Amino acid sequence: MEKVLTGSCQCGAVTFSVEAPALLTYACFCHSCQKRTGSAFSMGLIVPTDALRIAGEVTAWSRVSNQGITNTRYSCARCGNIIYGIGDASPELAKLQAGLLDDTSGVEPEVYLWNCYRQPWVTLPARARPFDTQPDDPMELLQAAREYRERR
Ligand SMILES: [Zn+2]
Ligand SMILES: [Zn+2]
């Protein structure tokens, strides 16, 4: 994923680009992600916050996670699509919603979080080593993504 990533919300009022490669792609099975997506899991790209360029009006909403981290989500002010989120423990990293990319054909999770909430019909690639919960240290996620790529 060396090219500039671009995407938009469902209504098109918010567009974005990422001026750096994504650090990793994750899938999260936690119940909070199931709630906010209305689906079985979420998929996100972790990108450097200072490389994320947003155009259009967003609204912010914050919640405190189980680990005591305040996560703020930014959504399109018109259609409500969540665009990205930032946790106060690592504000230099933004979690961008993978499904909003203009080209989703290359999206593949490399890190699987909160496997304890995964529905049994969701099967993972053989090389996946899912986390039961979620590591506190983002470096552990980067390491897990690297190992996933190496098992290819
Ligand atoms: Zn929108
Ligand atoms: Zn989650």
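Read the figures in this text as sums done on the coordinates, not as results from a lab. Note that the coordinates shown come from a computational prediction; the quantities given were computed from them, not determined experimentally. Please note: Cβ atoms are built from the backbone with ideal geometry, for glycine as well, and neighbour counts cover all protein chains shown.
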Exercise. Of the residues Gly38, Gly56, Gly99, which exhibits the maximal mean-square fluctuation in a Gaussian network model of the chain defined by a 10 Å Cα contact cut-off?
Worked result: Gly38
Exercise. If the chain between Gln67 and Lys3 were fully stretched, how many nm would it gain, using 0.36 nm times the residue separation less the Cα-Cα distance?
Worked result: 19.6 nm
Exercise. How large is the dipole of the chain about the Cα centre if only Lys and Arg carry +1 and Asp and Glu carry -1, each at its Cβ, rounded to the nearest 20 debye?
Worked result: 480
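What order do you get for Thr123, Thr70 when you list them from fewest to most C-beta neighbours inside 10 Å? Intermediate results must be reported in sequence, preceding the final value.
Details: Thr123 8, Thr70 12.
Least crowded to most crowded, the residues run Thr123, Thr70.
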Exercise. When N counts the residues of segment 67-139, how does its alpha-carbon radius of gyration compare numerically with 2.2 N^0.38 Å, as a ratio?
Worked result: 1.28
Seminar exercise, completed: Cα extents of the chain per principal axis, largest first, Å, are 39, 33, 30
